[in-house]
Amino acid sequence: MKQLPKTYEPREVEDRTYDRWIKGNYFHATIDPEKKPYTIVIPPPNITGQLHMGHALDETIQDILIRWRRMQGYSALWLPGTDHASIATEAKIVAKMAEEGVTKEDIGRDGFLERAWDWKKTYGGRIVEQLKKLGSSCDWERERFTLDEGCSKAVNEVFNRLYEKGLIYRGERIINWCPHCCTSISDAEVEYSEKDGSFWHLRYPLSDGSGYVELATTRPETMLGDTAVAVHPDDPRYQALIGKTVILPLVGREIPIVADTYVEQDFGTGVVKITPAHDPNDFEVGLRHNLPVINVMDETGVINEQGGQYAGMDRYEARKLIVKHLEEQGFLVKVEPMKHNVGECYRCHTVIEPRVSLQWFVKMEPLAKPAIEAVRSGKTKFVPERFDKIFYNWMENIKDWCISRQLWWGHRIPAWYCQDCGETVVSRQTPHTCPKCGSEHLDQDPDTLDTWFSSALWPFSTLGWPDQTPELKYFYPTDTLVTGYDIIFFWVARMIFSGVEQMGETPFSTVFIHGLVRDAQGRKMSKSLGNGIDPLEIVEQYGADALRFTLVTGNSPGNDMRFMQEKVEASRNFANKLWNASRFILMNLDEDQPAPYLPEELSLEEKWIVSQFNRLTKEVTDNLEKFELGIAVQKLYDFIWDVLCDWYIELAKLRLQNGGQQAENARAVLTWVMTKTLALLHPFMPFITEEIWTTLPHEGESLMISPWPAYDPALDFAAEEQEMERVMAVIRAVRNRRAEMNVPPSKKSGIYVETSFADTFTACAPFIAKLAGGKAVMVNETFEEANAVSVVTPDAKVFIPMGDLVDFAAERKRLQKELDTANKNLSSVQAKLNNESFVSKAPAHVVENQRQAEAKLKETIAMLEESIQKLPQ
Ligand SMILES: [Zn+2]
Ligand SMILES: [Zn+2]
């Protein structure tokens, strides 16, 4: 019989095992009409990414689900891939070029894209290699990239279809602009936080000289672009002013006072300045009142020529000077400190500047409606359910999606503009002539699409869409999407409406939301705090299985978890426990031990372990169905550690010693239970389970493609379980009592069991003797035992002769020694307390402490004396 090495060395086992799986082609999901498909598409990590704990959790959960379903007999596809991450990647490349003193403009679009693809070739595969270290059983033959040919074809097709349906349009809108990244960013990419700011109260004089209006702003520099002030139409204070004009301070422009219901009467003075070019609400007011849009800033946040004397100044520099000038000229009434929400770019944390520009948009309302309906009708459900609120809330209040980005790395917008007649041509292929005037001067839009435009199509673009491939037919809709709650609206919602619109079906039936992995103190892991833990270092130190096990232990859907090194150590210890138990089994097997089977005749303890295992099978399967991975893993842990290792293996040792048929049966049951337990544990700890399983007698090539254990009603031995539990209760009770009395394990005692289940206890007497330190076990209906310790369980009363537990002479010696020490201590305390100068000079609490010590010692002495007296002579 092959044996396992003395200690488990994950580093030695993991890479070798992963290679074996790859060589066996076990990760590849085939289109098999005999099987049901089960599909997960990976949330594609950014090619700029480095594996962090969040990924590790995300990937572990997906791998557990996919391995479990694969063992259940599904054609289980876990489709991997990466995201081109336009803004993140472009920023990295631009930064690298800056070190060489090169700009994008220096090398032009083609030169830049060449560099970007080179970068992707060099670094884009890094995160994929890291995923493999976790044991991820992705179908690598189907690996995709959001910017590969197929995905690009899908993007082009969707853009054209939406455009043809009138759901994509180009228009001037106010968008979120990052003056650092120099691109528009979507609403979801703006991070809001409360910041200290000021409220500047300004006064704008009426043109007719009859007074002024007072208003307040948090961004005084934008006044350069004011084109109106507004009041509420019902505000009684300002009825006379509506229609009049004011003179814009510093600028001198005459602007109207308009009435608009957007103004809140009871906020501030009830008068607001309107800057259509620099505020989204003002932009809407401007549209209603036909106000001019005066943009006073360039794309880097610097005041432009529209800003007069402030042109060329950074927005914050300009703010200071404008406030100074307003104050000098008497337009500043007061400055009030206030807290307000400031939006920042999620990538570079520069404060967002709302900006009017010509962009491409997706009209969201017609797309959101059927998507909301699909979720309401249960076609896609969120686990835990409460997260559907985030989805509904976002989708019901959705604004049109700005999809154009002023970047080069990404899917270029398939729109061309005629240089002669101005016609816009949106086309699947590059057009050569203008359909309107026949001109050949067509320029393609320089912008690219928001990264999320392509990842929104991920569940079907990766399966071959727009072509009607067999893969698409078989694997779509996918089953489970696993992701963190932080990207529900970035990504999940967009996949849902894209799937509904393009495929007529939601892309997945379940969205399984998990929480964040926080540090031991509950803080978010972040670069700036430097509290991130590198999952690869953990894998290196403890093994991938220990990391995976730690990440799911205690994990419940939607809730954050804390990552602690001690937990990883506990997981590693668990792996070692399993390893050692398996080694013990292997050492006891026959040279020609057959593949796992259950003997016809099972003993009581064998029925007990088989029945326990059978129920575990059912429960773990049910937990996985309900995505309760943390509960499933806890049950496995308890079963393996307590039931299997601490109890059953100990019980089986007796049978193994007895030899003959008993030993043969014990070997069979040990092998059967262990190999099946390894199967249940496999999705959680794939490497160690595969290694042990392969060494044990087994059928088939690999544990990962072995069948998932099924619950079998014929293996349900409830009565025998109950009987065994009776005996175990006695063993536990005796052990506890011995522990309380500090009885060394070597000291054996007589055990007298008084019970009405005499048959059971008689049959199990050897177990009680072995596991409860008994030298002789007597079972009867009643006992007369004087001078015995008794312990009681629901089904038995157990007596242990006192003399068997305690060596009275030694105990007397021990107690006497303690008594002597206590007496000595008491004398020294009393000496202090009898010393006048100590009592009068020492601080009161010190004296009090001594008095308390005296009382305590007197009590101890009395107790010790009593114990000595009680000992038999
Ligand atoms: Zn930015
Ligand atoms: Zn034309």
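Taking the range 316-334 on its own, how many of its residues are closer than 22 Å to E353 by Cβ and touching a strand residue (DSSP E or B) at 6+ places or on another chain (Cβ under 7 Å)?
The qualifying residues number 3.
So which of T550, T506 ends up being in a loop (DSSP other than H, G, I, E, B), modelled with pLDDT of 95 or more and either in contact with a Lys or Arg (Cβ under 6 Å, 6 or more places away or on another chain) or surrounded by 21 or more Cβ atoms within 10 Å (Cβ to Cβ) (or both)? Before the answer, list the steps.
Numbers: T550 fails: in a loop (DSSP other than H, G, I, E, B).
When all the criteria are applied, what remains is T506.
Please note which helices (runs of 4 or more DSSP H) are completely contained in the range 766-873 and include at least 1 residues that are acidic (D, E) and touching a residue at least 24 places away in the same chain (Cβ under 8 Å).
Numbers: elements: 802-805, 808-833, 836-841, 844-870.
Here the list reads 802-805, 808-833, 844-870.
Check off (1) closer than 30 Å to V727 by Cβ; (2) crowded, with 16+ Cβ neighbours inside 10 Å; (3) touching a helix residue (DSSP H, G or I) at 6+ places or on another chain (Cβ under 8 Å) for P794 and give me the number that stays unchecked.
Of the numbered conditions (1) closer than 30 Å to V727 by Cβ; (2) crowded, with 16+ Cβ neighbours inside 10 Å; (3) touching a helix residue (DSSP H, G or I) at 6+ places or on another chain (Cβ under 8 Å), the odd one out for P794 is (2).
Test each condition in (1) within 29 Å of T39 (Cβ to Cβ); (2) in a loop (DSSP other than H, G, I, E, B) for G522 and report the one that comes out false.
(1)
Within the range 382-417, work out how many residues are over 29 Å from P179 (Cα atoms) and touching a strand residue (DSSP E or B) at 6+ places or on another chain (Cβ under 6 Å).
The total comes to 4.
Filter the range 48-94 for residues that are away from ligand 1 (no atom under 16 Å from the Cβ), in a helix (DSSP H, G or I) and of a type in the set (G, A, S); which is surrounded by the most Cβ atoms within 10 Å (Cβ to Cβ)?
Initially, the range 48-94 is screened for residues away from ligand 1 (no atom under 16 Å from the Cβ), giving 49-84.
With in a helix (DSSP H, G or I) added as a condition, the list becomes 53-71.
Restricting the remaining residues to those that are of a type in the set (G, A, S) gives 54, 56.
Values: G54: 19, A56: 27.
Ranking the candidates gives A56 first.
Confirm whether I22 is of a type in the set (A, V, I, L, M), closer than 18 Å to E129 by Cβ and surrounded by fewer than 21 Cβ atoms within 10 Å (Cβ to Cβ).
Numbers: of a type in the set (A, V, I, L, M): yes; closer than 18 Å to E129 by Cβ: yes; surrounded by fewer than 21 Cβ atoms within 10 Å (Cβ to Cβ): yes.
Taking the combined requirement at face value, the residue satisfies it.
When the residues of the range 312-370 are filtered to those that are among the aromatic types (F, W, Y) and in a loop (DSSP other than H, G, I, E, B), which remaining residue is nearest to ligand 2 (Cβ to nearest atom)?
Y346
Does S439 satisfy the condition of being within 16 Å of ligand 2 (Cβ to nearest atom) and more than 25 Å from the chain's Cα centre (by Cα)? Step through it out loud before you land on a result.
Numbers: within 16 Å of ligand 2 (Cβ to nearest atom): yes; more than 25 Å from the chain's Cα centre (by Cα): yes.
Against the criterion (within 16 Å of ligand 2 (Cβ to nearest atom) and more than 25 Å from the chain's Cα centre (by Cα)), S439 qualifies.
Does W200 meet the test of being surrounded by 19 or more Cβ atoms within 10 Å (Cβ to Cβ), of a type in the set (F, W, Y), within 16 Å of ligand 1 (Cβ to nearest atom) and assigned to a strand (DSSP E or B)?
Working: surrounded by 19 or more Cβ atoms within 10 Å (Cβ to Cβ): yes; of a type in the set (F, W, Y): yes; within 16 Å of ligand 1 (Cβ to nearest atom): no; assigned to a strand (DSSP E or B): yes.
It is false that W200 is surrounded by 19 or more Cβ atoms within 10 Å (Cβ to Cβ), of a type in the set (F, W, Y), within 16 Å of ligand 1 (Cβ to nearest atom) and assigned to a strand (DSSP E or B).
Conditions (1) more than 16 Å from ligand 2 (Cβ to nearest atom); (2) on the phi > 0 side of the Ramachandran plot; (3) assigned to a loop (DSSP other than H, G, I, E, B); (4) at pLDDT 95 or above, marked per residue:
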site: K153; (1), (2), (3), (4): yes, no, no, yes
site: V158; (1), (2), (3), (4): yes, no, no, yes
site: G166; (1), (2), (3), (4): yes, yes, yes, yes
site: E191; (1), (2), (3), (4): yes, no, no, no
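Confirm whether D467 is more than 33 Å from the chain's Cα centre (by Cα), of a type in the set (D, E, K, R), modelled with pLDDT of 95 or more and within 16 Å of ligand 2 (Cβ to nearest atom).
Numbers: more than 33 Å from the chain's Cα centre (by Cα): yes; of a type in the set (D, E, K, R): yes; modelled with pLDDT of 95 or more: yes; within 16 Å of ligand 2 (Cβ to nearest atom): no.
When the stated conditions are applied, D467 does not pass them.
Out of contact with any strand residue (DSSP E or B) (no Cβ under 9 Å at 6 or more places or on another chain), assigned to a loop (DSSP other than H, G, I, E, B) and either buried (at least 18 other Cβ atoms within 10 Å of the Cβ) or charged (D, E, K, R) (or both): which single residue out of P709, P745 fits that description?
P709
I need every pair where a residue in the range 170-183 that is more than 17 Å from I303 (Cβ to Cβ) and touching a residue at least 60 places away in the same chain (Cβ under 8 Å) has its Cβ under 6 Å from the Cβ of a residue that is more than 16 Å from ligand 2 (Cβ to nearest atom) and of a type in the set (F, W, Y), sequence separation at least 6 or different chains.
Listed pairs, sorted by first residue: R170/W360; I174/F283.
So, of the residues in the range 408-427 that are in contact with a Phe, Trp or Tyr (Cβ under 9 Å, 6 or more places away or on another chain) and in a loop (DSSP other than H, G, I, E, B), which turns out to be farthest from ligand 2 (Cβ to nearest atom)?
As a first pass, look at the range 408-427 and keep what is in contact with a Phe, Trp or Tyr (Cβ under 9 Å, 6 or more places away or on another chain): 408-411, 413-415, 423-427.
Okay, now just the ones that are also in a loop (DSSP other than H, G, I, E, B), so 408-411, 413-414, 423, 427.
Details: W408: 26, W409: 30, G410: 27, H411: 25, I413: 18, P414: 17, E423: 4, S427: 14 Å.
Looking at residues that are in contact with a Phe, Trp or Tyr (Cβ under 9 Å, 6 or more places away or on another chain) and in a loop (DSSP other than H, G, I, E, B), I get W409.
Check whether at least one residue in the range 694-704 is under 30 Å from the mean Cα position of the chain (by Cα), part of a helix (DSSP H, G or I) and surrounded by 15 or more Cβ atoms within 10 Å (Cβ to Cβ), and report yes or no. Let's see the steps before the verdict.
Filtering the range 694-704 down to residues under 30 Å from the mean Cα position of the chain (by Cα) leaves 702-704.
Among the residues that remain, those that are also part of a helix (DSSP H, G or I) are: 703-704.
Among the residues that remain, those that are also surrounded by 15 or more Cβ atoms within 10 Å (Cβ to Cβ) are: 703-704.
Within the range 694-704, one or more residues are under 30 Å from the mean Cα position of the chain (by Cα), part of a helix (DSSP H, G or I) and surrounded by 15 or more Cβ atoms within 10 Å (Cβ to Cβ).
I'd like the residue in the range 330-349 that is within 16 Å of ligand 1 (Cβ to nearest atom) and farther than 21 Å from T275 by Cα and, out of all such residues, is surrounded by the most Cβ atoms within 10 Å (Cβ to Cβ). Reasoning before the result, please.
Let us first name the residues in the range 330-349 that are within 16 Å of ligand 1 (Cβ to nearest atom), namely 342-349.
If we keep only those that are farther than 21 Å from T275 by Cα too, we end up with 345-349.
On the way: C345: 22, Y346: 16, R347: 17, C348: 13, H349: 11.
My answer is C345.
Looking at the structure I just gave you, is W394 within 16 Å of ligand 1 (Cβ to nearest atom), of a type in the set (F, W, Y), in contact (Cβ under 8 Å) with a residue 60 or more places away in the chain and not in a strand (DSSP E or B)?
Working: within 16 Å of ligand 1 (Cβ to nearest atom): no; of a type in the set (F, W, Y): yes; in contact (Cβ under 8 Å) with a residue 60 or more places away in the chain: yes; not in a strand (DSSP E or B): yes.
Here the answer is no, as W394 does not meet what is asked.
Is it true that Y38 is out of contact with any Cys (no Cβ under 6 Å at 6 or more places or on another chain), at pLDDT 95 or above and under 19 Å from M495 (Cα atoms)? Full working, then the answer.
Working: out of contact with any Cys (no Cβ under 6 Å at 6 or more places or on another chain): yes; at pLDDT 95 or above: yes; under 19 Å from M495 (Cα atoms): yes.
So Y38 fits the description; yes.
The values are calculated or read from the model by the stated rules, or taken from the named source; none is laboratory data. Owing to the predicted nature of the structure, the values given are computational and were not obtained by experimental measurement. Cβ atoms come from the backbone with ideal geometry, glycine included; neighbour counts cover every protein chain shown.
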